[in-house]
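Notes for the one structure printed next.
The values are calculated or read from the model by the stated rules, or taken from the named source; none is laboratory data. All figures in this text were calculated on a predicted structure; none of them were measured in a lab. Methodologically, a virtual Cβ is constructed for each residue, glycine included, from the backbone with ideal geometry; neighbour enumeration extends over all protein chains shown.
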Ligand SMILES: [Cu+2]
């Protein structure tokens, strides 16, 4: 039985993680962030099913985050944002309307930004902004790449957004 589980884990491993999580795997939030990136990339390609799948993984990984190695400040940040992240993630998981996904992605991204700031990894994370999104109020997202792919417009409107901040461990 143990063997079967091991084989299954081994077979699934290459599909479970993105490159981001590989170099930042010591970060307690690495898998949450990797799932967020999958969600973001699903919104870039207007892929509703992938978005829902990714956000369900995100919810699962939020529950699994280990607080053992967190500093006191990190712990405080994580406690403050866990529920907020789960709130938006749950809403996204419960609908197949991509507009509703994007509505919640606005606050999900803001909260995720606060979390990533507290847990900078060795790989850079780019905090990007589109002034047109969110009914002209503008909206942010986090990306693993500097090149703009707009999750609010399905990879259209890539001209106006820009990177506002790069988060990386010093
Ligand atoms: Cu909702």
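Given the criteria crowded, with 17+ Cβ neighbours inside 10 Å, modelled with pLDDT of 95 or more and more than 17 Å from residue 149 (Cβ to Cβ), does residue 95 qualify? So residue 95 does not fit the description; no. Give the stretch 149-167 a look and list any residue that's part of a loop (DSSP other than H, G, I, E, B) and more than 16 Å from the chain's Cα centre (by Cα), or say none. Passing the criteria: 153, 154, 155, 156, 157, 158, 159, 160, 161. Answer yes or no as to whether residue 109 is part of a helix (DSSP H, G or I), within 16 Å of the ligand (Cβ to nearest atom) and in contact with a strand residue (DSSP E or B) (Cβ under 8 Å, 6 or more places away or on another chain). It is true that residue 109 is part of a helix (DSSP H, G or I), within 16 Å of the ligand (Cβ to nearest atom) and in contact with a strand residue (DSSP E or B) (Cβ under 8 Å, 6 or more places away or on another chain). Is it true that residue 77 is surrounded by 21 or more Cβ atoms within 10 Å (Cβ to Cβ), more than 15 Å from the ligand (Cβ to nearest atom) and modelled with pLDDT of 95 or more? No; evaluated as a whole, the condition is false for this residue. Identification of helices (runs of 4 or more DSSP H) wholly contained in the stretch 23-98 with 3 or more residues that are more than 15 Å from residue 125 (Cβ to Cβ) and out of contact with any strand residue (DSSP E or B) (no Cβ under 9 Å at 6 or more places or on another chain) yields 48-64, 72-93.
The lone criterion from (1) more than 16 Å from residue 41 (Cα to Cα); (2) within 16 Å of the ligand (Cβ to nearest atom); (3) in contact (Cβ under 8 Å) with a residue 40 or more places away in the chain left unmet by residue 134 is number (3). Cβ separations smaller than 8 Å between residues 6+ apart or across chains give the following pairs from the stretch 70-87 residues that are farther than 21 Å from residue 60 by Cβ to residues that are surrounded by 16 or more Cβ atoms within 10 Å (Cβ to Cβ): 73/118.
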